[in-house]
Amino acid sequence: MAWEAAMGQTAEPSDLQPGLLEQFTHSANSVMGVDGQQRIILWNHAAEELLGYAAAEVLGQYCYNLM
């Protein structure tokens, strides 16, 4: 995933190492993952609580549109 991001390619949450996606998803900390094109590919429940956007609203959007 890091190599794809460095090369500007689109990455998917499934590209994460096994178990890492589950850790991000269930983390008590707000986690937002972006690909090499700055599109949001990961948004956990803590991010929903903190920032007020449901994952369905932000996945696929450019991260800079939210900030």
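Details
- The condition (being at pLDDT 95 or above, in contact with a strand residue (DSSP E or B) (Cβ under 8 Å, 6 or more places away or on another chain) and in a helix (DSSP H, G or I)) is satisfied by just one residue among 56, 47: 47.
- Close pairs (6 angstrom Cβ cut-off, 6 or more residues apart or separate chains): closer than 24 Å to residue 17 by Cα in segment 39-67, among the hydroxyl-bearing types (Ser, Thr, Tyr) and assigned to a helix (DSSP H, G or I) anywhere: 44/25
The values are calculated or read from the model by the stated rules, or taken from the named source; none is laboratory data. All values derive from a computational prediction rather than experimental measurement. Neighbour counts run over all protein chains shown; Cβ positions are idealised from the backbone, glycine included.
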